[in-house]
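See structure below.
The values are calculated or read from the model by the stated rules, or taken from the named source; none is laboratory data. Everything numeric here is computed off the predicted structure, so don't read it as measured data. We place every Cβ from the backbone using ideal geometry, glycine too, and count neighbours over all the protein chains shown.
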Amino acid sequence: MKNPDPNQLNIADVLKRIDEVRDKDLQHLLRTTLETAQQKLQKSTNELYRLRLNLENSFNSIPDAIVTVDEGIRILSANAAFLSLYGGFLADYKGKTFEQCFGKDSAPYNSVIRQTLELGRLTSHFRVNTTTPEGKVCKLELNAAPLRTGEYSFGGAVLVIKDMTRLAVLERQLEDRKLLNNMVGKSDVMKRVAALVHSLSDIATTVLITGESGTGKELVADALHYTGVRAENRIVKVNCAALSESLLESELFGHVRGAFTGASRDSEGRVAAAEGGTLFLDEIGDLPLSIQLKLLRFLEYKEYERVGSTKPRKADVRVVTATNADLLQKVHDGSFRKDLYYRLNVFQIEMPPLRERKEDIPLLIENFITLFNHELGRSIKSISPELLDTLMQYDWPGNVRELRHCIEYATILCLEEMLRCIHLPQNFKASCTCQPASPIPQQKPKQLPQSTLETAVNETSAKRQSFDKQKVLDALEQAGWKKARAARILGISRPTLYRWMKQVGISEQ
């Protein structure tokens with residue numbers, strides 16, 4: 001009798017044949033074995049179903065659109081995110097090519113998948129602008145990987161489609177808010193400054209930055225350096241008003257041993273330190289006349305001599321200068337060389353005062369709150385409308401620097417999630433709009449006794465100290481009193497942690 005094909009047997013046939021076995025013991029053994037096999041098969045089937053269900057749920061829960069295709073780039077499956085992005089049901093896409101689904105907009109998908117199948121490796125970060133069947137314009141990122149059927153063969157590919165539309169909008173908004181490097185603003189005047197910086201960043205020409213004190217001239221110098229080809233080298237900064245004439249020359253150009261009393265060793269100077277990079281001379285209007293001539297020679301020939309030496313030295317340095325003074329008036333007064341003025345003023349960038357770009361104030365406030373939340377361990381999330389109105393109406397003679405100090409002061413005082421007028425420095429409170437208007441003429445408020453003021457200040461200080469102390473103690477306990485780890489938990493530097501511990505009276509263990 002010919003043995004039947006095992007693949008064509010069903011359970012009923014197997015049981016019938018077992019019943020034909022005459023040996024009862026063998027028959028019982030076969031039945032037991034069959035039942036065990038059935039139980040294992042059922043268990044494996046249930047496990048396979050569970051795994052498949054979990055896989056499908058995971059497949060559909062991924063926020064990125066995912067679609068699998070065969071070797072002919074026909075769609076095999078797609079997840080819920082794909083159907084949400086393009087609309088319709090899986091049946092509308094299954095078995096069809098991208099050309100049949102998307103027409104002329106299918107080229108990017110086909111290109112990425114073909115490249116993946118031909119090279120047998122991942123194709124990633126392919127960005128494209130496209131339009132969905134519903135007419136929605138999207139910015140997409142395509143990533144494709146091959147589906148292997150063997151060591152050297154592929155049965156298709158999986159395509160992951162990231163919708164980058166919202167991210168692209170946020171990036172554009174961020175570009176509007178943060179122009180270059182650390183320059184924050186969206187006003188037209190700041191956009192013009194950013195455009196000038198961008199056009200000059202890769203050019204070695206001398207730049208003169210002018211503007212009132214506190215407008216951010218140093219930030220412009222940083223942006224010129226760090227967005228240009230010299231960013232890999234140093235930017236060296238010198239405040240010309242902070243050093244005496246004798247020290248300034250030595251600081252700039254260096255000196256040799258014995259050049260003057262106290263010169264016990266050679267010094268390279270700031271020019272040499274800035275080799276290949278940028279030399280930023282702040283407050284250039286205060287440069288002494290004797291050094292102006294040496295600086296002029298350096299700008300003209302890129303040569304200089306160290307103090308006490310007659311040997312000329314060369315330096316590849318870009319010079320950027322800044323001043324809040326009227327250099328042309330200084331030229332007329334005879335305190336600034338005319339030839340140096342014209343040599344420095346090859347290209348001028350004028351920083352506008354804050355009162356001329358008040359639309360940037362909310363962005364600057366937000367930026368400073370984020371900065372001081374991190375530095376001071378605060379959790380401030382907003383400012384009151386009255387406070388914002390007060391800050392918008394103020395003329396800011398100290399410009400951005402004054403605004404920064406004002407927000408820092410308010411952040412130190414504030415123990416809430418919102419900055420209010422009560423947290424402002426004293427000189428702002430007179431112009432604060434927080435107090436509601438009253439039809440009744442207001443009398444001059446009585447001045448609190450000094451003891452009452454001291455009590456209020458002490459209570460506020462004690463409250464802040466208690467708050468900070470508990471916060472620091474919690475972090476130290478969590479870190480096992482390891483200072484570096486506790487500082488990371490608090491989001492501050494280790495020196496700041498030590499300062500906090502000292503202020504709130506926590507002794508080191």
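Miscellaneous remarks
- Region 474-504, residues that are of a type in the set (Phe, Trp, Tyr) and within 21 Å of Ser379 (Cβ to Cβ): Trp500
- Here Tyr342 clears all of (1) outside any helix (DSSP H, G or I); (2) farther than 28 Å from Asp188 by Cβ; (3) among the hydroxyl-bearing types (Ser, Thr, Tyr) except the condition numbered (1).
- Check on Ala242, within 39 Å of the chain's Cα centre (by Cα), assigned by TED's automatic domain parsing to the domain that holds Phe298 and under 19 Å from Thr205 (Cβ atoms): no
- Ala37 being touching a helix residue (DSSP H, G or I) at 6+ places or on another chain (Cβ under 7 Å), surrounded by 10 or more Cβ atoms within 10 Å (Cβ to Cβ), small (Gly, Ala, Ser) and at pLDDT 80 or above: no
- Within the set Arg52, Arg22, the sole residue that is modelled with pLDDT under 80, closer than 24 Å to Thr149 by Cβ, of a type in the set (Lys, Arg) and out of contact with any strand residue (DSSP E or B) (no Cβ under 6 Å at 6 or more places or on another chain) turns out to be Arg52.
- Residue in region 201-214 that is assigned to a helix (DSSP H, G or I), crowded, with 21+ Cβ neighbours inside 10 Å, touching a strand residue (DSSP E or B) at 6+ places or on another chain (Cβ under 6 Å) and in the same structural domain as Leu344 (by TED's automatic domain parsing) present: no
- Close contacts from region 293-310, counting a first residue that is in contact (Cβ under 8 Å) with a residue 24 or more places away in the chain and in a loop (DSSP other than H, G, I, E, B) and a second that is surrounded by 13 or more Cβ atoms within 10 Å (Cβ to Cβ) and not charged (D, E, K, R), with Cβ to Cβ under 6 Å and a gap of 6+ residues or different chains, come to Arg306/Phe253; Arg306/Gly254; Arg306/His255; Arg306/Val256; Gly308/His255; Gly308/Val256; Gly308/Ala259; Ser309/Val256.
- Test result for Leu448, closer than 24 Å to Gly377 by Cβ, surrounded by fewer than 18 Cβ atoms within 10 Å (Cβ to Cβ) and either hydrophobic (A, V, I, L, M, F, W, C) or modelled with pLDDT of 90 or more (or both): no
Yes/no matrix, rows are residues, columns are (1) outside any strand (DSSP E or B); (2) under 22 Å from Arg148 (Cβ atoms); (3) assigned by TED's automatic domain parsing to the domain that holds Ala144:
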site: Leu85; (1), (2), (3): yes, no, yes
site: Gln100; (1), (2), (3): yes, no, yes
site: Gly103; (1), (2), (3): yes, no, yes
site: Ala107; (1), (2), (3): yes, no, yes
site: Leu117; (1), (2), (3): yes, yes, yes
site: Phe126; (1), (2), (3): no, yes, yes
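- If you go through region 255-289 and keep only what is within 38 Å of the chain's Cα centre (by Cα) and part of a loop (DSSP other than H, G, I, E, B), you end up with Glu268, Ala274, Glu275, Gly276, Gly277, Glu283, Leu287.
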